[in-house]
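The values are calculated or read from the model by the stated rules, or taken from the named source; none is laboratory data. These numbers come from a predicted model, not from an experiment. Using ideal geometry, Cβ is built from the backbone for each residue, glycine included, and neighbour counts are taken over all protein chains shown. For the accessible areas, the whole protein counts, side chains as well, though only heavy atoms, and no ligand, DNA or RNA atoms are used. Shrake-Rupley method; radii C 1.70, N 1.55, O 1.52, S 1.80 Å.
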Amino acid sequence: MATESQITNIVNDILRVESIEEAFSCYLVHRPEHETEKITGFQQDLQNALSGLGTEQQEAGVRQYLVMAASMTNHSRLTLLLTLLENLVSNNILPARMVCECILACEKLVYQQGDFWIECFNLIRRIIGGVDYKGVREIMKGCREKAQTIPTRLNASVIPQLKALENVIEYIFDRNACLLPGYFIVNEIQKAYPDNKNWPHWKLAYLLSSFVESFRPTAQMVSIIGHSKMLPVVEHSGYADHLINPWKLDPTTLKFSLKGNLPYDRELLERQTGLLRYVLEQPYSRDMVCSMLGLQKQHKQRCVALEEQLVELVIIAMERSETETETDDVTNSHWLWLHLSSQLIYFVLFQFASFPNIVLALHDKLAGRDLRRGRDHLMWVLLQFISGSIQRNPLNNFLPVLKLYDLLYPEKESLPVPDFSKALCTHQMAMTCIWIHLLKKAQSDHLNIHRPIPLTLKGHHEFLQHLVMPNNPALCMGSDYRIALLCNAYSTNQEYFSRPMAALVETILGTQKGPQQPPLPPMANNAALANGPTTPLSMSILDSLTVHSKMSLIHSIVTHVIKLAQAKSNMALAPALVETYSRLLVYTEIESLGIKGFISQLLPTVFKSHAWGILYTLLEMFSYRMHHIQPHYRVQLLSHLHSLAAVPQTNQTQLHLCVESTALRLITGLGSAEVQPQLSRFLSEPKTLVSAESEELNRALVLTLARSMHVTGTGSDALSGTWCKDLLNTIMQNTPHSWANHTLQCFPPVLNEFFQQNNVSRENKQQLKKAVEEEYRNWTSMNNENDIIAHFSVPGTSPLFLCLLWKIILETERISPIAYKVLERIGARALSAHLRKYCDYLVFEFANSGGGQHVNKCVDAINDMIWKYNIVTIDRLILCLALRTQEGSEAQVCFFIIQLLLLKAAEFRNRVQEFVKENSPEHWKQSNWHEKHLAFHRKYPEKFAPEGILEQTGGPSSPYHSLPVYFGNVCLRFLPVFDIVIHRYLELPPVTKSLETLLEHLGCLYKFHDRPVTYLYNTLHYYERKLRDRPPLKRRLVSAVLGSLKDIRPPGWSLSEAYQTYMKQNDESSWVPELDYYIRLVRRIVDTMSGKPQFPTTDWRFNEFPNPAAHALYVTCVELMAVPVTPTMVGNNLLDVVSKGYTVIPYNQIHMWINSVGLIMAALPDSYWSVLHERLVEVMTCPQLMQWNYRNTPFQLYNFSATHDSLLENKFSYTLALAHSMWHHAGVGQIATVPQFVKEKVHPVVKTEEQFLFLCHLVGPFLQRFNTDRPRCVMELTVELYELLEQVDKNVTHMNYMDPICDLLYHIKYMFVGDMMKNEVECIIRKLRPALQMRLRFIAHLNIEEINAS
């Protein structure tokens, strides 16, 4: 209070007038110097009163002072008081910010007190320059709030008040005054008036809106062109988060998360329903949808937006069904309905969507629309969910379906019973089945629905009731769908359900109810060991069962298998059962009972029960019958297999071979984008992913790592490669090995370095030969059988037994039975070490033999070991040979041996030809696979030594039993080996001729490859440099792999007509496709992604790709990599599809085309997309950017919509759009090259402001992605931008676009780097022209005096 009374006294002194003065005021002469003296005195008094006080006391004093000033009626006295206050600020007695804030907080500051208001705001305008920028922001807020107190309808008397306030705001907004960063202002304005809610005073509206408008260029510089029109290709699940980041949406609003409160284009701020709906509509998109919306199974969070889009998709399906003609064939909408039921079950099951809400929303959308033809399909989709979950949820959740029924089934008379020999009948009777489930639920909950079954459905109901009655003759599976109908209708009614379900199970189990049957006597043919029914349930039967029925069926199968396993019976499973089980595992909606149960329940139980026959069957099934298994299950199985391989009981040749083959398929089958995210989950325990003793499996893992790093572009920077260091070290501890130079050259740098540093010394081949000869002398000199067995199977001695056997066959042309006993003692697992030595020995022998007859004799001896004595199988031997480390001429000898083994003797060739001729890989369409399989094994029985041989000699009492074979054979086992062999051949150009011969004779096997297009894509991508100058070889590869499928795939399923024509031409002809060819290829992807089918329809559940867009993308990439022109030509032509071909692209489809070009570019090797970097530099150095002569500003010409809509010069905006599209779709590895590109290629050429702005438009939109995936890149790019700004600043005399440039730099500071870059940036800012220094002073923390001094 003391300060306030002091101030009151001083102000009273100032205002006091002597009474004599008052009386004679008209006659007195005022002396100005006397007045000035007086004022100086008052000034001094005020200074004395306020200096040296604490902030709070000063504030109290100023407040009191203002209250007294506000009461002045005399204008000159008011001015005097406020001038005194201003002097206190300029003399640094009072801080400017505090005075301004006190003024704005003063309750007397109301517009009705005109003079006080005007003078106060004038004072703020004069002293605000001394306020720090954060203070100015608060003052601006205060001014805005004061403006809201002025009425909207103004009379002339209030105009001066508003003008005074406007002057202050104008001065704050003045870009040249730089009182605070414009970025703060725009942030405040956007926050205060979001989404057109609450408006500023109309008099200030123009000022505020034009300031926000001045930030449009900044928003443009950080926006991806066409962002809201871009669509991804939905690949298999198992995504890494960084592949999803560009597609993330807010789960409640479905909006992109854009950084900063900038005035972005409207379409970027809208709900991205189209994107979500597109992804939802793709088969196998569940995981991507969850990642996009950040939904996690463990948090049961309802997502209304997802619900809405599911409803939209159902309506779209209803509309499509409306236009389709009734046929018996499977229609296009059939697949959509199938997919929708799977999506609905998944999202409702995990409570991301609510079933009653979906049904009610459907009712509201369908009311008033005459969509009836899809009603049965819709009810089928709802039945799937209802039958599976009605027992666990209250009846009320399901009653809304009756509202839908009333809407869609208006008929008054009974519907006819459909033809039950057609699968469609299950859909046509779905509504009746729903009704039966509802009535059953009401009955078991003792509730009453108060509605009997309506007349419309009476016929259906009576038909079902009649069928299910116990007095009906025995139910059995005919060729019709009656059993399916009963299962669907009564799956929640145990009393009625058990009979139809038993009939289904019996079809595939036969009469083998229990495990009491006697084991079969051993037979020569392993395939014939299976017994029981051989015809599986067809896919059409399984498709016509509801999910609930399928769950019961799969449960019965699994229970049966577990019982058999636990009963330790030797009885084999019925082939029909195994095949049906594998078919049931395709249904993603029964994942928990399906594949999850298989991996985490069935396999471990069978393994614990030591039921090796069943284990063998299940592993075979996994290898040859499983599709689209999520990668985490596959990696889990791989770690199971490695631990299984260590168990003594699996040390039996046939089982060991199966475990290794399955592991090999799992390793080589990992998708490039799956490797890092999946293997990283095991990094704390790398031993589980690495084989303890199989060098071949570990080498295959290294090759898969190499391919993955290469394809995802993460193999060059050490940072990306660190994640797998432990994995590689574990591999080297378990199975130390090295790689040949020609293989290392193809490795990504990270792996290449690792193996250069961890080199393993090579064995001396000469000593190996001596050791083998020594062993041979031992063998010939020993006579006692026990001594022989003891000597040659001692663990820890050099593993040379296979070398010895080969030498024995070579010298004596026969083998003693003792050899098998030695092999038995060594065991299958330890034998692989013998096999490695044997391969090295063979290469040495061949390399040093005279050739001619001797070589033939040597090869015959190897063939005898394989085909006559069954000592090694051809697939293991070839795999081992292909993976040994041989250099130079020895490597060529090794490949020569492989070729001789595969082609010289007829055994393998005959098997391949017979198998390919007689069989089809489309197993899901077959009912007689087992017959064909048996026929093949009868013709070519396969025995495994030593057990198979000892079993025969031991008769019925033999302890050895061959395991039943259901799916595999030597041809199928060889396929993953063939994949590796081809890759090894490609690394060594001198053996190309040999490779072409192999492809010619054995390429037909690719008909049975589970991922032929992916294999080609990986091969052409990984070996792009090796194959660049060998177009005939690329063509040979493509025609061998894809040509093998010509009989079973419809025409036009993969390659374009133009490429097929090229494949038919003779070898020397060259083909240089025109731009038109590339336009057609891109159009094929655009149309596929727009939902216009470009490929023959197929069942995606059994395809290597999960959906049409993924298929289109990869077949296109394979074709482009195999075209006989350089990558640069292909890359340039792809860019020209848009930059030159835009004239033939429909105006409104341009973004889809740019999106597709970006997708293709991102999926091709860097030699194709580095063309984009060249194109960017070319555009940046063009004369137009060096000397700007356009009437439009750069911001207009870099704006895609502006140039596209107004037909302006489009070179800049189209090039930017293509770069944005490619980088948006690219993986982290690819976009991590951007900073280096800017540093090396762009930095030297940027001299003008327009070039600099082009660069800002180029990299600005990706700062957000770099920030999440590679924060280091944001730092590097920020430094580049500052250095280039300095370069431009020195080079141009006048800068036109300082403000947008500085706004962008503030955006980077506040959104990404904060003060982390302060030191690097500050020294650059100090070198810039004063106007730039002024604008950037808040980043470098400069004050105005320093800037003026410079």
### Task
Quick one: count up the residues across segment 825-836 that are touching a Phe, Trp or Tyr at 6+ places or on another chain (Cβ under 9 Å) and either open to solvent by 20 Å² or more (accessible area, probe 1.4 Å) or without any contact (Cβ under 8 Å) to a residue 60 or more places away in the chain (or both).
4
### Message
If I ask for residues that are of a type in the set (G, A, S) and surrounded by 17 or more Cβ atoms within 10 Å (Cβ to Cβ), which ones from segment 1036-1057 would you list?
### Response
S1039, A1040, G1043, S1044, S1054, S1056
### Query
Can you name every residue in segment 404-424 that is among the charged types (D, E, K, R) and touching a residue at least 40 places away in the same chain (Cβ under 8 Å)?
E411, K412, E413, K422
### Query
In segment 1204-1227, which residues are surrounded by fewer than 21 Cβ atoms within 10 Å (Cβ to Cβ) and of a type outside the set (G, A, S)?
H1204, D1205, L1207, L1208, E1209, N1210, K1211
#### Entry: Given (1) buried (at least 19 other Cβ atoms within 10 Å of the Cβ); (2) modelled with pLDDT under 80; (3) not in a helix (DSSP H, G or I), index of the condition L179 fails
(2)
### Message
Considering only segment 343-357, I want to know if a residue exists there that is under 36 Å from the mean Cα position of the chain (by Cα) and of a type in the set (G, A, S).
### Response
yes
### Query
Which condition does F1237 not pass, out of (1) of a type in the set (A, V, I, L, M, F, W, C); (2) more than 23 Å from I1160 (Cα to Cα); (3) surrounded by fewer than 23 Cβ atoms within 10 Å (Cβ to Cβ), if it passes all the others?
(2)
#### Entry: Whichever residue in segment 534-561 is under 22 Å from V606 (Cα atoms) and in contact with a Leu (Cβ under 7 Å, 6 or more places away or on another chain) and, among such residues, is surrounded by the most Cβ atoms within 10 Å (Cβ to Cβ)
L553
#### Entry: Residue match in segment 1123-1134 (condition: outside any loop (DSSP other than H, G, I, E, B) and out of contact with any helix residue (DSSP H, G or I) (no Cβ under 6 Å at 6 or more places or on another chain))
yes
#### Entry: Long-range neighbours under 6 Å by Cβ, at least six apart or interchain, first residue within 16 Å of P1261 (Cβ to Cβ) within segment 1222-1245, second among the small types (G, A, S)
M1222/G1158; M1222/A1162; H1225/G1158; H1225/A1162; A1226/A1162; Q1230/G713
### Task
Give, as residue ranges, the helices (runs of 4 or more DSSP H) completely inside segment 1139-1201 that count at least 2 residues that are hydrophobic (A, V, I, L, M, F, W, C) and open to solvent by less than 60 Å² (accessible area, probe 1.4 Å).
1150-1163, 1166-1180, 1194-1197
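Matching residues to (1) farther than 17 Å from Y616 by Cβ; (2) modelled with pLDDT of 90 or more:
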position	(1), (2)
G510	yes, no
K513	yes, no
M523	no, no
G532	no, no
L542	yes, yes
I557	yes, yes
S569	no, no
### Query
Which condition does K141 not pass, out of (1) assigned to a helix (DSSP H, G or I); (2) out of contact with any Gly (no Cβ under 7 Å at 6 or more places or on another chain); (3) more than 18 Å from F211 (Cα to Cα); (4) of a type outside the set (A, V, I, L, M), if it passes all the others?
(3)
### Task
Filter segment 1251-1274 down to residues that are in contact with a Phe, Trp or Tyr (Cβ under 9 Å, 6 or more places away or on another chain), open to solvent by 20 Å² or more (accessible area, probe 1.4 Å) and either over 16 Å from H1307 (Cα atoms) or aromatic (F, W, Y) (or both), then give me how many there are.
1
### Query
Which of the residues spanning segment 86-108 are farther than 21 Å from M140 by Cβ and either open to solvent by less than 10 Å² (accessible area, probe 1.4 Å) or among the β-branched types (V, I, T) (or both)?
L88, I93
## Note on the structure
Only one of (1) open to solvent by 20 Å² or more (accessible area, probe 1.4 Å); (2) touching a helix residue (DSSP H, G or I) at 6+ places or on another chain (Cβ under 9 Å); (3) of a type outside the set (S, T, N, Q) does not apply to F792, and that is (1)
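Conditions tested, residue by residue: (1) open to solvent by less than 10 Å² (accessible area, probe 1.4 Å); (2) under 16 Å from V110 (Cβ atoms).
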{"site": "I128", "(1), (2)": "yes, no"}
{"site": "E145", "(1), (2)": "no, yes"}
{"site": "R153", "(1), (2)": "no, no"}
{"site": "A156", "(1), (2)": "no, no"}
{"site": "D174", "(1), (2)": "no, no"}
#### Entry: Options L683, L701: the member that is crowded, with 19+ Cβ neighbours inside 10 Å and either aliphatic (A, V, I, L, M) or farther than 18 Å from F944 by Cβ (or both)
L701
### Message
So if I check each of S237, S285, S257, S223, which one is open to solvent by 50 Å² or more (accessible area, probe 1.4 Å), among the polar types (S, T, N, Q) and either at pLDDT below 95 or touching a helix residue (DSSP H, G or I) at 6+ places or on another chain (Cβ under 9 Å) (or both)?
### Response
S257
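For every residue, the table says whether it meets (1) assigned to a helix (DSSP H, G or I); (2) at pLDDT below 90; (3) open to solvent by 20 Å² or more (accessible area, probe 1.4 Å).
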{"site": "A353", "(1), (2), (3)": "no, no, no"}
{"site": "L360", "(1), (2), (3)": "yes, no, yes"}
{"site": "G368", "(1), (2), (3)": "no, yes, yes"}
{"site": "L415", "(1), (2), (3)": "no, no, yes"}
#### Entry: segment 1086-1114, residues that are open to solvent by less than 10 Å² (accessible area, probe 1.4 Å) and either within 13 Å of L1164 (Cβ to Cβ) or in contact with a Cys (Cβ under 6 Å, 6 or more places away or on another chain) (or both)
L1113
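Residue by residue, here is whether (1) surrounded by 19 or more Cβ atoms within 10 Å (Cβ to Cβ); (2) of a type in the set (F, W, Y) holds:
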{"site": "Y841", "(1), (2)": "yes, yes"}
{"site": "K857", "(1), (2)": "no, no"}
{"site": "D860", "(1), (2)": "no, no"}
{"site": "I874", "(1), (2)": "yes, no"}
### Message
Out of the residues in segment 959-984 meeting the condition of being among the aromatic types (F, W, Y) and at pLDDT 95 or above, tell me which one is farthest from the chain's Cα centre (by Cα).
### Response
F974
